[in-house]
1. Of 77, 69, 54, which residue is in contact with a helix residue (DSSP H, G or I) (Cβ under 8 Å, 6 or more places away or on another chain), surrounded by fewer than 18 Cβ atoms within 10 Å (Cβ to Cβ) and either of a type in the set (D, E, K, R) or not in a loop (DSSP other than H, G, I, E, B) (or both)?
2. Given the options 89, 100, 81, name the one that is under 23 Å from residue 38 (Cβ atoms), out of contact with any Pro (no Cβ under 7 Å at 6 or more places or on another chain), hydrophobic (A, V, I, L, M, F, W, C) and at pLDDT below 95.
3. Hey, among the residues in region 91-118 that are without any contact (Cβ under 8 Å) to a residue 12 or more places away in the chain and not charged (D, E, K, R), which one's surrounded by the most Cβ atoms within 10 Å (Cβ to Cβ)?
4. Quick one: what pairs do we get from region 63-76, first residue closer than 15 Å to residue 109 by Cβ, second surrounded by fewer than 14 Cβ atoms within 10 Å (Cβ to Cβ) and of a type in the set (S, T, N, Q), C-beta under 6 Å, 6+ apart or different chains?
Amino acid sequence: MKILLDSSIIIDAIRLRQILPALHDYSISDITITELYSGKSIWESPKNKRIVDSILTHLNHLHTSTKISQLAGQIRSKYKANVPDAIIAATAITHKLPLATINTKDFISISHLKLIKI
């Protein structure tokens, strides 16, 4: 099964030093990559940056499209989601992927989005 990962999953993998098995079955959105590189620890620790860089090479990168952007705008408007979460949700819905996240409260109200709570 292919799954879209939220940044919370990657961050926890780094914290726990656990790498998810079969990374090629997992996808990541543009916004999640931005979230991963926006943390202070990534730039203060070359080791953390190398870990993120390594993980990202094994994930399927799903780029934001006009279709995803339009749906994200609709999700933001309808569900009052913040922009990053709306883009992540729209990416999962557009690609017909469940979203694995620890932060289900940020996504639970969005219809047509299948969540996998980790």
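The values are calculated or read from the model by the stated rules, or taken from the named source; none is laboratory data. Since the model is a prediction, treat every value here as computed from it, not as a measurement. Here Cβ is always computed from backbone atoms with ideal geometry, including for glycine, and neighbour counts include all displayed protein chains.
1. So the residue among 77, 69, 54 that is in contact with a helix residue (DSSP H, G or I) (Cβ under 8 Å, 6 or more places away or on another chain), surrounded by fewer than 18 Cβ atoms within 10 Å (Cβ to Cβ) and either of a type in the set (D, E, K, R) or not in a loop (DSSP other than H, G, I, E, B) (or both) is 69.
2. Only one candidate qualifies: 100.
3. Start the filter on region 91-118 by keeping residues that are without any contact (Cβ under 8 Å) to a residue 12 or more places away in the chain, which leaves 96, 105, 108, 111.
If we keep only those that are not charged (D, E, K, R) as well, we get 108, 111.
On the way: 108: 12, 111: 8.
Residue satisfying both the conditions and the ranking: 108.
4. Listed by first residue and then by second, the contacts come to nothing, as the list is empty.
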